Amino acid sequence: MTSDGCPTGKTRYDVLTARRRAKTASQRTDERITAYRCTTCNSWHLGHGAPSFHRPIPIINTNHSLSLT
């Protein structure tokens, strides 16, 4: 963690600290917290993770059965 902040107002972390803090925060809050690289300061910040794109999407077929893609 660096003492000077990002112009966005967020705390700057190195990658290892950011990942460790994201894991701890996720466990403590039961929310998905992730570390990400800031395009403004090129350091790492913590934020709420984007939804996973690997989840199956349920589709209701014409015969009313449910399948996952």
Test for Gly5: is it at pLDDT below 90 and not in a helix (DSSP H, G or I):
yes
Out of the residues in the stretch 20-49 meeting the condition of being over 20 Å from Gly9 (Cβ atoms) and without any contact (Cβ under 8 Å) to a residue 12 or more places away in the chain, tell me which one is surrounded by the most Cβ atoms within 10 Å (Cβ to Cβ).
Ser26
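The values are calculated or read from the model by the stated rules, or taken from the named source; none is laboratory data. These numbers were taken from a predicted model, which means no experiment stands behind them. Every residue, glycine as well, gets a Cβ built from its backbone with ideal geometry; the counts of neighbours run over all protein chains shown.
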